Amino acid sequence: MPGITVEFAESLKNLDFLLCSTEICAVGGIRVGNGGRAGKAGKVLSIRVLGPLGVERDGQALTLPPSKKTRALFAYLVVTERPHRRDRLCDLLWDVPDDPRGALRWSLSKLRALVDGTATQHIVADRETVAFRPDAAICDLLAIRSEVGRDPTKASTQALQRAANSFAGDFLEGLELADCRKFHAWCVAEREEARALHARILSALIDRLSVEPNAALDHARMMTRVEPGNERAWAILLRLLAECGRRREAEEIYDTADR
């Protein structure tokens, strides 16, 4: 966390008063599901890209292909939401000595086995292009973008809560491919954008729950993890801890900041 600044110091100055004038309150969690495109309950392909890549069908986790490049290809097709030329995908993930077109065909066969069913074909390809068809499929990040948009302050509290609870980690956590420079650059950019969106959602939710400090507290804690260098986030967390009477935790944060 950052050192003590003017804004943070003001929060620390008021700590004793706030702790003495408030009662201890419990922190309640909110359990909500994802939003987005969906068919009938339990009949949807669910794709998680916020955190480690995961895929479920009818609520059952599917075993992903062991190849990182195959998983990266799947995530790229899903998140970009458009067809891509085969030569572009080859350039994105494979070197020329690796027989890129052969590697792409092999990866597509593994993805078809993973996600295509008798009624729905998600992997759509012809001689020139490859795409992911999102019928009866939901991706957590795309669902958040659709429901919350670029300005979370205009979203409903329920939508903000759904969005905040959908973040299970960084975008495609653990799927770094540093040797594939173009994919890596795309992944890093998406990761930063997702993290910034998470921070905006948390900020909007904390403001929306300002009269319910116990409900806002977990979101404030998460905000300091998403943006550990954000001084305002630490000041807000300190204030909420004080309002909830959590003296020991507030003092520990004070001691850490004062070192």
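All of the numbers you see were taken from the coordinates with simple rules; none came from a lab. Note that the coordinates shown come from a computational prediction; the quantities given were computed from them, not determined experimentally. Here the Cβ positions follow ideal geometry from the backbone for every residue, glycine too, while neighbour counts run over all protein chains shown.
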Can you give the Kirkwood hydrodynamic radius for the stretch 134-259, in Å, rounded to one decimal and based on Cα pairs? 16.0 Å
Spacing of the two label points (7 Å from each Cα toward its C-beta) at ASP91 and GLU252, in nm: 5.1 nm
Which value results when the Cα radius of gyration for the stretch 51-148 is divided by 2.2 N^0.38 Å? 1.08
Given H placed on each backbone N at 1.01 Å, which residues far from ALA137 in sequence or on other chains put an amide H within less than 5 Å of it? LEU45
Whole-Hz ³J(HN,Hα) for each residue in the stretch 193-199, computed from phi via Karplus 6.51 cos²θ - 1.76 cosθ + 1.60 with θ = phi - 60°, x for glycine and proline: what do you get? 5, 5, 5, 5, 5, 4, 5
Per-bin percent of Cα-Cα distances, the stretch 204-243 [5 Å]: 6, 31, 37, 21, 5, 0
Which residues qualify? For GLY169, with a placed amide H closer than 5 Å and at least 5 residues away or on another chain, they are GLY51
For THR129, other-chain or 5+-apart residues with amide H closer than 5 Å (H placed, Pro excluded) are ARG86
